[in-house]
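Peer 1: One structure, as structure tokens, below. Some questions next.
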Amino acid sequence: MSYSLTLGVGSNLRLNPILPVLFVLAFPALAQSPVPTPLPALTVDQIVHKLEASNQARNNALHHFESSRTYALHYRGFPNNHDAEMVVTLSYQSPSTKEFKVVSQSGSKFIIDHVFKRMIESEREAAQDQSRNALTSKNYEFSLVGTDHTPEGNYYILKVAPRTSNKFLYRGKVWVDAADFAVAKIEAEPAQNPSFFIKHTDVHHRYKKVDNFWLPAENRTTSYLRIGGHADLIIEYDQYTITAADPIPAVSTTAHDEGHAARDGVSKTGSAE
């Protein structure tokens, strides 16, 4: 009924769309947006190399954290609608131990047992062999398709295609933070269709920075069924407490330092642009 990718180791405030137009018409001088600082001109190979090195450094430095998750699934279709929710706590111990504890559950027992709990087991399985699931050049082909400038930061946008049909891999786009060389957002679909009954699956996954580590923030997955109907899965990751970690060694390259400058609006000389 639903599928969620194991993707490894902010929401925008929406206003009435007419209000910004009226504001700009009333105050035309305020319509001038600052020109975003250009990102360092890196090749896709350079970006991927720095992404892999930075991910490895963060993984090595993070030893233990605790968090909570809320799983919610809403199925609309034949023969009936179904809903379920489950709240769990997670205790992570490096390199690959994840202990889950169910805090509460409600709604469809079938969804809880056959979707939520199977997802947890799949995550444990993926953690045991992270090299096969990691976002690396060994598992994916990459191409640079653009950049993105937002109030939250600046990003390189990479198109990714899996080299195998591993059920834990995906195809789509990833947004790589230009300062930390960390994945901030993923828009994708599974490399391998999880079920004959699922026609198509859209995955939107967002990360957030907790202390110096980029950890999952939210996953929204919609699966469209061949018999009609769809299932909307939402996973919210919250209440992170990092209890054991080492300082993260800097990826000491000129381009990486320029990435921090691009986020802060500062040139290589240290002056504001």
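The values are calculated or read from the model by the stated rules, or taken from the named source; none is laboratory data. These numbers come from a predicted model, not from an experiment. Neighbour counts are summed over all protein chains in view; Cβ atoms, including those assigned to glycine, are modelled from backbone coordinates with ideal geometry.
Peer 1: I need the full set of residues from region 96-134 which are basic (K, R) and within 11 Å of E85 (Cα to Cα), in order please.
Peer 2: K109 - this is the single residue of region 96-134 that is basic (K, R) and within 11 Å of E85 (Cα to Cα).
Peer 1: Being assigned to a strand (DSSP E or B) and among the small types (G, A, S) is the filter here; which residues of region 202-253 pass it?
Peer 2: Once the filter is applied, which keeps residues that are assigned to a strand (DSSP E or B) and among the small types (G, A, S), region 202-253 yields A217, S223, A231, A244, A245.
Peer 1: Determine, yes or no, whether G107 is touching a Lys or Arg at 6+ places or on another chain (Cβ under 7 Å), surrounded by 13 or more Cβ atoms within 10 Å (Cβ to Cβ) and among the small types (G, A, S).
Peer 2: Here the answer is no, as G107 does not meet what is asked.
Peer 1: Given the conditions (1) surrounded by fewer than 17 Cβ atoms within 10 Å (Cβ to Cβ); (2) within 25 Å of I186 (Cβ to Cβ), which single one is not true for T243?
Peer 2: Status for T243: all satisfied but (2).
Peer 1: Hey, among the residues in region 124-146 that are touching a strand residue (DSSP E or B) at 6+ places or on another chain (Cβ under 8 Å), surrounded by fewer than 17 Cβ atoms within 10 Å (Cβ to Cβ) and not hydrophobic (A, V, I, L, M, F, W, C), which one's modelled with the lowest pLDDT?
Peer 2: Once the filter is applied, the top-ranked residue is R124.
Peer 1: Considering each residue of region 151-169, count those that are within 15 Å of D180 (Cα to Cα) and of a type in the set (F, W, Y), and give that number.
Peer 2: 2
Peer 1: Go through region 44-74 and give me each residue that's among the β-branched types (V, I, T), within 23 Å of L215 (Cβ to Cβ) and outside any strand (DSSP E or B).
Peer 2: The answer is I47, V48.
Peer 1: Also, I was wondering about something else. For D180, are the conditions met, namely being acidic (D, E), more than 30 Å from P249 (Cα to Cα) and modelled with pLDDT of 95 or more?
Peer 2: Criteria not met by D180.
Peer 1: Can you tell me which residue is farthest from H64 (Cα to Cα) among those in region 165-214 that are crowded, with 19+ Cβ neighbours inside 10 Å and among the β-branched types (V, I, T)?
Peer 2: That would be T201.
Peer 1: Which condition from (1) among the small types (G, A, S); (2) touching a Lys or Arg at 6+ places or on another chain (Cβ under 8 Å); (3) surrounded by fewer than 17 Cβ atoms within 10 Å (Cβ to Cβ) is the one that G153 breaks?
Peer 2: The one condition G153 does not meet is (3).
Peer 1: Specify the residue that is modelled with the highest pLDDT; the eligible residues are those in region 229-246 that are over 18 Å from H63 (Cα atoms) and touching a Phe, Trp or Tyr at 6+ places or on another chain (Cβ under 7 Å).
Peer 2: I235
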